Amino acid sequence: MAALDGMRVLDMTQYEAGTSCTQWLAWLGADVVKVEPPTGDPGRGVARGTDHAQYFMNYNGNKRSIVLNLKHESGRALLLDLAPHFDVFVENYGPGVIEEFGLDYEAMKAVNPRIVYARIKGFGLSGPYASYNSYDWVAQAAAGTFSVTGEADGPPMMPAPTFGDSGTGMLAALGITAAYHQQQRTGEGQLVELSMQEVVTAFMRTTGLRTWGTEPAPRAGIHRNPPTATYPCKGGGPNDWAFIMVTTQRMWDTLCTTIGRNEWVTDPRFANGELRIEHRDEIYEGISAWTRERMKFDVMDILGPTGVPCSAVYDTVDLWTDRHLRERDFIQTVEHPHVGPVQLMRNPIRMSASDVPLGPSPFLGAHTADVLHAALGLTDEQLADLRACGAIGG
């Protein structure tokens, strides 16, 4: 039995913040029905320009898709008719859009008092920025991540990972699961609200500790504070680097002996962390001389077993070929009915008593008839009439 077996989710999300949230729920066993407009989630066309872009497939596996035209009164009425048959509703549309449709929390609560209604917004539902549109990197800029990314003497830089979107989606899934658990005990629903700015700001709690809230944290760059730093490796390519992190005296001593710098262990100039920072240039050059003679994965394989935390700097191709990820079956091949074999990343949450096989993303509107028939008892003739008037698709 899947962990969230029995949870039913109406998924009115698009792009990534909301779709990643419902992806987590589907991966854990919830029945997720994606509600799309006639043109589909705009994420379907990102980076490929087709109905089955890799971006869409990455965040919408294990879901069903129905098409409701919410601009049509009958389409909107169908969504409200469906609401009592579901436990959860999730949306991440721009500010004010749901209100324009007349589908806010109060409207849903009126037809289903048990509904867990989740809303993801760039800046939340209140405050001076509540009406501002946002995407992942807008939220990240507003949470300070740009300011600590890049070289110390360079401009702020945009981080590549989309944890403004996916990080918010993950926490939204956690909030929904907690609210669902409460709903099952009390019979009552509730509103679950997330601000992407606040989520990313919460990820900044380890940054700038020495001047917490009083001075801007500096940009660390690649060198940071040697011996903790990024080091060039043999090959000389743009990602032929290794990252080494030393936090204890034992790690320092082990690093020194492993790279053949035994004299550093007893050198009074390097006796503790503060002194090593004072002499960081010499340390960096000494370690770099050793790493430049080795491939990045060799550096990782030499230092890792000794207890010195270290990793090759993976590029995005390395992720697909990494022997560790492959052996753990994190990268899986899923057969998509239109695209064929597709490589996807599995749910990283591994549960000994709950396993949901990775499934493909749905065709636009592929399950409209099935869902409306099963939930509302609509006949084929009624469905044909709704299609003819433009209220539904698929």
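General remarks:
- Any hit, segment 384-392, residues being of a type outside the set (S, T, N, Q), crowded, with 16+ Cβ neighbours inside 10 Å and either modelled with pLDDT under 95 or under 21 Å from GLY61 (Cα atoms) (or both): no
- Test set (1) closer than 30 Å to GLN23 by Cβ; (2) touching a residue at least 24 places away in the same chain (Cβ under 8 Å); (3) of a type in the set (A, V, I, L, M, F, W, C); (4) assigned by TED's automatic domain parsing to the domain that holds PHE243 - MET351 fails condition number: (4)
- Pairs linking a residue in segment 1-26 that is touching a residue at least 60 places away in the same chain (Cβ under 8 Å) to a residue that is among the acidic types (Asp, Glu) and buried (at least 24 other Cβ atoms within 10 Å of the Cβ), with Cβ atoms under 6 Å and 6 or more positions apart or on different chains, are GLN14/ASP41; GLU16/ASP165; ALA17/ASP165; THR22/ASP11.
- Test for ASP315: is it within 30 Å of the chain's Cα centre (by Cα), in a loop (DSSP other than H, G, I, E, B), without any contact (Cβ under 8 Å) to a residue 24 or more places away in the chain and surrounded by fewer than 16 Cβ atoms within 10 Å (Cβ to Cβ): no
- Residue check, GLY393 within 11 Å of VAL67 (Cβ to Cβ) and either touching a helix residue (DSSP H, G or I) at 6+ places or on another chain (Cβ under 9 Å) or of a type in the set (Gly, Ala, Ser) (or both): yes
- GLU36 falls short on exactly one of the conditions (1) touching a helix residue (DSSP H, G or I) at 6+ places or on another chain (Cβ under 7 Å); (2) within 20 Å of VAL371 (Cβ to Cβ); (3) charged (D, E, K, R); (4) crowded, with 20+ Cβ neighbours inside 10 Å, and that condition is (1).
- Counting only helices (runs of 4 or more DSSP H) that sit wholly inside segment 1-113, those with at least 1 residues that are modelled with pLDDT of 95 or more and of a type in the set (Asp, Glu) are 73-82, 97-101, 105-111.
- Look at (1) surrounded by fewer than 16 Cβ atoms within 10 Å (Cβ to Cβ); (2) outside any loop (DSSP other than H, G, I, E, B) and you find that LEU325 fails only one, number (1).
- Test result for LEU68, out of contact with any His (no Cβ under 7 Å at 6 or more places or on another chain), more than 24 Å from MET196 (Cα to Cα), buried (at least 20 other Cβ atoms within 10 Å of the Cβ) and in the same structural domain as THR168 (by TED's automatic domain parsing): yes
- The set of residues from segment 354-390 being in contact (Cβ under 8 Å) with a residue 12 or more places away in the chain, closer than 26 Å to HIS338 by Cα and out of contact with any helix residue (DSSP H, G or I) (no Cβ under 9 Å at 6 or more places or on another chain) comprises ASP355, PRO362, PHE363, GLY365, ALA366, HIS367, ASP370.
- Residue match in segment 49-62 (condition: farther than 18 Å from ILE392 by Cα, β-branched (Val, Ile, Thr) and surrounded by fewer than 17 Cβ atoms within 10 Å (Cβ to Cβ)): yes
- Any pair with Cβ under 7 angstrom, 6 or more apart, that starts in segment 131-149 at a residue that is within 20 Å of ALA217 (Cβ to Cβ) and ends at one that is crowded, with 21+ Cβ neighbours inside 10 Å and of a type in the set (Val, Ile, Thr): ALA139/VAL200; GLN140/VAL200; ALA143/VAL200; THR145/VAL200
- Selection count where residues are surrounded by 10 or more Cβ atoms within 10 Å (Cβ to Cβ) and assigned to a loop (DSSP other than H, G, I, E, B), scope segment 196-229: 16
- Selection of segment 143-194 for residues being part of a helix (DSSP H, G or I), among the β-branched types (Val, Ile, Thr) and either modelled with pLDDT under 95 or surrounded by 13 or more Cβ atoms within 10 Å (Cβ to Cβ) (or both) yields VAL148, THR168, ILE176, THR177.
- Condition check for GLY127: in contact with a helix residue (DSSP H, G or I) (Cβ under 7 Å, 6 or more places away or on another chain) and at pLDDT 95 or above: no
- Residue check, GLY94 at positive phi, touching a residue at least 24 places away in the same chain (Cβ under 8 Å) and out of contact with any Pro (no Cβ under 8 Å at 6 or more places or on another chain): no
The values are calculated or read from the model by the stated rules, or taken from the named source; none is laboratory data. What you see is a predicted model; the values in this text were computed from it and never measured. Counting neighbours? That spans all protein chains shown, and the Cβs are built from the backbone with ideal geometry, glycine included.
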